[in-house]
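Working notes, beginning with the structure itself.
Any read-out appearing in this document is the output of simple, stated calculations on the displayed coordinates, not a laboratory observation. Worth saying up front: this structure is predicted, and the values here are computed from it rather than measured. Note that each Cβ is placed from the backbone with ideal geometry, even for glycine, and that neighbours are counted across all protein chains shown.
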Amino acid sequence: MPECNHLSPPYYDAPNGVTLEKIVHGFNLPFYVGNALKYLLRADHKENRAQDLKKARECLNLEIAYLESVRAVPISDCHCHAVARDAGPPVSQADGTA
């Protein structure tokens, strides 16, 4: 029996050696999408498959909610079009401008 690395159990790895980590980083997936993929990949290896599928769905719902909230903000209200996701609100300058 192969040794189990608790940070990367074998059910996250494809038979051809591709790992979940390589997929998430290679495609630069957002946090919730990467988590959804994790739950999908491990569902068949867990006792309660439906629970992991529901967790994947919840992660995707959170990602969709985030994307919809970003689109709801008018461009004129954005402080910076290139703000990194989850970077937080803009930092105010000493003169009160953002």
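Computed values, structure above
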quantity	calculated
Per-pair calculated FRET efficiency, R0 = 41 Å: Ala72 and Thr19 via Cβ, rounded to 0.05	0.70
Glu58-Asp44 pseudo-label distance in nm [points 7 Å out on the Cα-to-Cβ vector]	2.4
